[in-house]
Amino acid sequence: MKIQILSEEMASRIAAGEVVERPASVVKELMENSLDAEATEISVTVERSGTSLIRVTDNGEGMTPEDLALAVERHSTSKLKNEDDLFRIATLGFRGEALPSIASVSKTTIISRPPDVPFGHQMNVEGGKKGDLKVAACPLGTTVEIRQIFYNVPARRKFLKAPATELSHICDVFNRMALANSQVHFTLLHDGRTIADYAAVNEGKDRLHQVLGRDTARDLIPFSSTQSELILQGYLSVAPTSFPNARYLITFVNRRYVRDKILTHAVLHGYENLLMKGQYPGVVLFLGIPFPEVDVNVHPAKYEVRFRRQSEVHEAVADAIRQALKRQAKGSMFAPPVSAPVQFQGVMEPQFHYAAPFPGTYTRSVPGKEMFPIKPRSETGTCGFFSSMVILDQILGCYLVCSSSRGLAIIDQHAAHERVAFEKLCRQMEARDVQKQSLLIPQTVDVSGGESVLLEKKMSVLNQLGFDVEPFGANTYTITAVPALLPEGDYRQVVRQMIAELAEVDKSDKLRQHLEERLATIACHSVIRANRKLEMGEMRALLNQLDEIDFATQCPHGRPVLLEFSHDDLDRMFKRIS
Ligand code: ADP
Ligand code: MG
C-alpha cells in the first residue's frame, strides 16, 4: 500500500505552515486575537527578531480555564457558531487555527484571566503537546508567549531571512494593525528597546502621525466618500509627493489589512496621468463594506478577500480617489504654495530635504505661512490663480517666470500646454466629440493582413479618437480626417502605432486607460515645444486655460507644470529668516 494517513502531529505541522510563515505571522495572529478580545492596551515584546521570543499582552476579555484548554485545539473558535456566520464575519479571526498552529511549532505559554475572577490560569504547549492547566496570578486579560519558534521544524527555520528583515516584517504588521485601530494603545519592544509606543488617540490623523512620522503623515491629505453601502475614508498623497514603490499604498477592508489587486488597481487608476512613470502614491485606504458583500475566507493568512460586486468596489474607490485629488488640485491653488526643491538641492537649506523613512526618496512640500486659506473655487471671484499672475518673462525658451501674490512661480510652458490639450481632448472624447480636421489630401496607409483585421475591429475606437480611416483596396486605407489638435505631418505612423497599441485591449476599463494614454500622446505632439518664443498674448491665453482645467499642476505624464517659491521660501533662501 502506498497511501498512509499522516500522523496528527505531522498534519498539524503541515497546516501550521500555511498560517505561520515567519515570526511576523505570529505577531499578526496574536494581535488580531487581542483586538477581537476588545483590548485597549496591546503590548508586543520580541527578542532576536521574534526568533527567540514573541510575547503579546492585552487587557481584553480573557479566557476561562475551560476556554483556555480549548483555545489551543484545532478548529476551536468562539467567533463562528454556524455556517451562516461565515458570510457575516465581523472579527479578524474565525478559523480557530492560529493558536494550535503556532503552538505546534514553538514552545507556547498562555496566561489568561477573564473579568470577575481573582486569578488566572496558565497553559503550556510544547510542539503541540498540551501541559496541565495551572492557576496563575496575573492581571486581567491575556498574555501569549511564544519561545523558539520553529525549534522543531528546522527546514522552516532555514527559510527565515536576516534578523533585520524579520524585524521589519514584524514592524510592518504591528504598524498596519495600529493604523486601523487608533483607539488602542500599542507598544512594541525589541531586545529591551521600545521601538514604538502609540498612545490611544481619537483622530485617525494622529495615529497616522505616530505610525508614519510627522513628515510623511503631513503630506497625506484626508479624504472620505460614501457610495451607496460603501464607506471610503483615508489619506492620500498629492503631487509633488510620490514614492518609488508601493510601500505606502496600504489598504484595509473593514479594518482588516489586505493586499488586494482590485483595490490597488483602483487606487492607481485614480492617480492615472498624475504620477511620473515608476512613481507610486502614498494612500492609506479604509474601505467599509457590509459583511455579506465580502468573502474573507479565501486566504490562509486572510490577506486576500473577494468582493461580491468587485467592479462596483473598483469604481467607487477609483472615483473617490480621483474626486479627492481633483478637489485638492483646485484647493491647492488657494493654499500655501507647494515648492519643489528637488532641482535646487545645492542652494536650499538642508532642512528642506527629508531623509525618506524607507528605501528611495520622495519630495515633499515646504510649509509656508497660511496666507491663503483654502476656499472653494466659486468663492474666489473671477480671477483665477493662474490668470491673476503677473508674467515677468519667458526664459530659456520654455519657462514662464511669473509673480503671484504668493511669491514666485515658474511654469513649464510645454507641460502646461500638454495638460490643457490633454484635458480638452479627454472632455471631447467623453462627449464623443473629438474635433476633427479633414485632410485636403488624404494619406494612404498600407498595412499587413493581420493589421487590417485589427484596424477593422478597432475602427470605432479610432473614430472616437478623432481619426477617420476608410478602406481603399486590399490592406490599404486612407486617412481622411485626424484630431484637430494634431499638427500637420505624417499621420500614417500615428495610425499604425494606434492599431498596434490597441491590439491587445478589449476590456472597457483597459481601453479607456489606453485611450487616455493615446490622448496624452496626441496632446504631447500637438503642443508648443520648448525653445519657442511666446507672445505675451499666447502666454496669457495659456495661463487662462490652466484655470479652466482640473489638474493644472501636472502634465499627463506626471511632470510638474509649476514650481513655486513662497515669500517665506525666498526669505529663507536669502537668510532673512531661519
Ligand atoms: P480564531 O481567532 O480564529 O478564533 P485562534 O486560534 O486565534 O482562532 O484563537 C482561538 C480562540 O481563543 C479564539 O476564538 C478566542 O476565543 C480565544 N482567544 C485567543 N486569543 C485570545 C485573547 N488574546 N483574548 C481572549 N481570547 C482569546
Ligand atoms: Mg485568531
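The values are calculated or read from the model by the stated rules, or taken from the named source; none is laboratory data. As the structure is a prediction and not an experimental result, all values here were calculated from the model. Cβ: placed from backbone, ideal geometry, glycine included. Neighbour counts: every protein chain shown.
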Completion exercise
Residue pairs within 7 Å by beta carbon, gap of at least six or interchain, first lying in region 125-149 and free of Cβ contacts under 8 Å to residues at least 24 places away in the same chain, second surrounded by fewer than 16 Cβ atoms within 10 Å (Cβ to Cβ), listed first then second, are Val135/Phe119; Ala137/Phe119
Practice task
State which residue pairs qualify: first residue away from ligand 2 (no atom under 15 Å from the Cβ) and inside region 100-121, second residue basic (Lys, Arg) and not in a helix (DSSP H, G or I) in any location, beta carbons under 8 Å apart, and separation of 6 or more residues or different chains.
Solution key: Ser106/Arg147; Lys107/Arg147; Thr109/Arg147; Phe119/Arg113; Gly120/Arg113; His121/Arg113; His121/Lys134
Exercise for the section: All but one of (1) surrounded by 11 or more Cβ atoms within 10 Å (Cβ to Cβ); (2) modelled with pLDDT under 90 hold for Cys383, so report the exception by its number. Expected result: (1)
Completion exercise
Contact list, first residue from region 69-95 and farther than 21 Å from Ile146 by Cβ, second anywhere and away from ligand 2 (no atom under 13 Å from the Cβ) and modelled with pLDDT of 90 or more, beta-carbon distance below 7 Å, six or more apart or interchain, is Phe87/Pro292; Arg88/Phe291; Arg88/Pro292; Ile89/Phe291; Ala90/Phe291
Exercise for the section: Would you confirm whether any residue within region 86-94 is under 24 Å from Arg13 (Cβ atoms), modelled with pLDDT under 95 and surrounded by fewer than 21 Cβ atoms within 10 Å (Cβ to Cβ)? Expected result: yes
Practice task
Go over the candidates Thr251, Thr264, Thr241 one by one and state the one that is β-branched (Val, Ile, Thr) and part of a helix (DSSP H, G or I).
Solution key: Thr264
Completion exercise
Within region 26-49, the residues that are of a type in the set (S, T, N, Q), out of contact with any Lys or Arg (no Cβ under 6 Å at 6 or more places or on another chain) and away from ligand 2 (no atom under 16 Å from the Cβ) are Thr40, Ser43, Ser49
Completion exercise
Checked region 78-121 for anything more than 8 Å from ligand 1 (Cβ to nearest atom) and touching a Cys at 6+ places or on another chain (Cβ under 8 Å); matches are Ile111, Arg113, Phe119, Gly120
Exercise for the section: Please determine, by comparing only the residues of region 192-217 that are touching a helix residue (DSSP H, G or I) at 6+ places or on another chain (Cβ under 8 Å) and among the charged types (D, E, K, R), which one is surrounded by the most Cβ atoms within 10 Å (Cβ to Cβ). Expected result: Arg207
Problem - Residue check, Ala200 among the small types (Gly, Ala, Ser) and outside any strand (DSSP E or B) - result: yes
Handout entry: Flag if Glu312 is outside any strand (DSSP E or B), of a type in the set (Asp, Glu), modelled with pLDDT of 50 or more and over 20 Å from Arg559 (Cα atoms)
Key = yes
Practice task
Keeping to region 1-25, report how many residues are buried (at least 19 other Cβ atoms within 10 Å of the Cβ), aliphatic (A, V, I, L, M) and either away from ligand 2 (no atom under 13 Å from the Cβ) or under 20 Å from Arg193 (Cα atoms) (or both).
Solution key: 2
Exercise for the section: Would you tally the residues in region 243-263 being surrounded by 21 or more Cβ atoms within 10 Å (Cβ to Cβ) and without any contact (Cβ under 8 Å) to a residue 24 or more places away in the chain? Expected result: 0
Handout entry: Residue match in region 126-140 (condition: within 11 Å of ligand 1 (Cβ to nearest atom) and either of a type outside the set (Val, Ile, Thr) or surrounded by fewer than 13 Cβ atoms within 10 Å (Cβ to Cβ) (or both))
Key = yes
Completion exercise
The residue that is modelled with the lowest pLDDT, considering only those in region 403-448 that are more than 30 Å from Met498 (Cβ to Cβ) and surrounded by fewer than 22 Cβ atoms within 10 Å (Cβ to Cβ), is Ser405
Exercise for the section: Could you check, for region 157-167, whether at least one of its residues is within 14 Å of ligand 1 (Cβ to nearest atom) and either of a type in the set (Val, Ile, Thr) or free of Cβ contacts under 8 Å to residues at least 40 places away in the same chain (or both)? Expected result: no
Completion exercise
Selection over region 537-569 where residues are more than 22 Å from Leu274 (Cβ to Cβ), of a type in the set (A, V, I, L, M) and in contact with a strand residue (DSSP E or B) (Cβ under 7 Å, 6 or more places away or on another chain) yields a count of 1
Completion exercise
Checked Phe186, Phe150, Phe159 against criteria (crowded, with 19+ Cβ neighbours inside 10 Å, away from ligand 2 (no atom under 16 Å from the Cβ) and within 16 Å of Ser25 (Cβ to Cβ)); the one match is Phe150
Problem - Residues within region 224-242 that are under 22 Å from His209 (Cβ atoms) and surrounded by fewer than 21 Cβ atoms within 10 Å (Cβ to Cβ), tallied - result: 2
Exercise for the section: Kindly state which helices (runs of 4 or more DSSP H) lie completely within region 1-93 and contain at least 1 residues that are within 32 Å of the chain's Cα centre (by Cα). Expected result: 8-19, 23-36
Exercise for the section: For region 127-137, indicate whether the set of residues that are assigned to a strand (DSSP E or B) and within 16 Å of ligand 2 (Cβ to nearest atom) is non-empty. Expected result: no
Practice task
Give the residues of region 238-252 that are modelled with pLDDT of 95 or more and in contact with a Gly (Cβ under 8 Å, 6 or more places away or on another chain), sorted by residue number.
Solution key: Leu249
Handout entry: Any chance Leu325 is modelled with pLDDT of 90 or more, part of a strand (DSSP E or B) and surrounded by 19 or more Cβ atoms within 10 Å (Cβ to Cβ)
Key = no
